Amino acid sequence: MRKIKYTEEIKLQIVEEVLKNKRSKKWLSKETGIDATTIRKWVRAYEENGLAGLKIRQNNHSKYDGDFKLMVVKYKLENKISSKQAAAYFNIAIKQNCIGMGEKVQKRRSRCSFQREKRPKR
């Protein structure tokens, strides 16, 4: 079954119904036909990241280079935010695992960047 994509405007309308008009997620689900779990995710994303949390993710299976991954990880660490928040900031799908791969690249580079001291000869 193909996943239905909703526009940012529709997501925002639903979120505002929950937050401003105090509509229940269950009631909205029955009225709109949108699953209550989906509505719950939109509300959480909006509360954590504002409008950026409702943006439609680019899921074109693009490959991210190591520099981009490191930039995302560096931003995440410097700002002490979660992977979800970093993904929302850079508008990337967490499923693409850019952040996790970036952390691996960062560890690999840091291991290679220091010089091992040579053992003294006997």
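The values are calculated or read from the model by the stated rules, or taken from the named source; none is laboratory data. This is a predicted model, so every value here is computed, not measured. Reconstructed Cβ throughout: ideal geometry from the backbone, glycine too, with neighbour counts over all protein chains shown.
Return a yes/no flag: does region 61-73 have any residue that is under 18 Å from LYS5 (Cβ atoms) and not aromatic (Phe, Trp, Tyr). The answer is yes; a qualifying residue exists.
Applying the criterion of being of a type in the set (Gly, Ala, Ser) and in contact with a Leu (Cβ under 9 Å, 6 or more places away or on another chain) to the residues of region 10-51, the residue that is farthest from LYS84 (Cα to Cα) is ALA36. If you filter region 52-71 down to residues that are over 13 Å from LYS84 (Cα atoms), among the aliphatic types (A, V, I, L, M) and in contact with a helix residue (DSSP H, G or I) (Cβ under 7 Å, 6 or more places away or on another chain), you find that the one that is modelled with the highest pLDDT is LEU70. Evaluation of THR7 against the conditions (1) over 23 Å from ALA86 (Cα atoms); (2) exposed (fewer than 15 other Cβ atoms within 10 Å of the Cβ); (3) of a type in the set (Ser, Thr, Tyr) shows that the sole unmet condition is (1).
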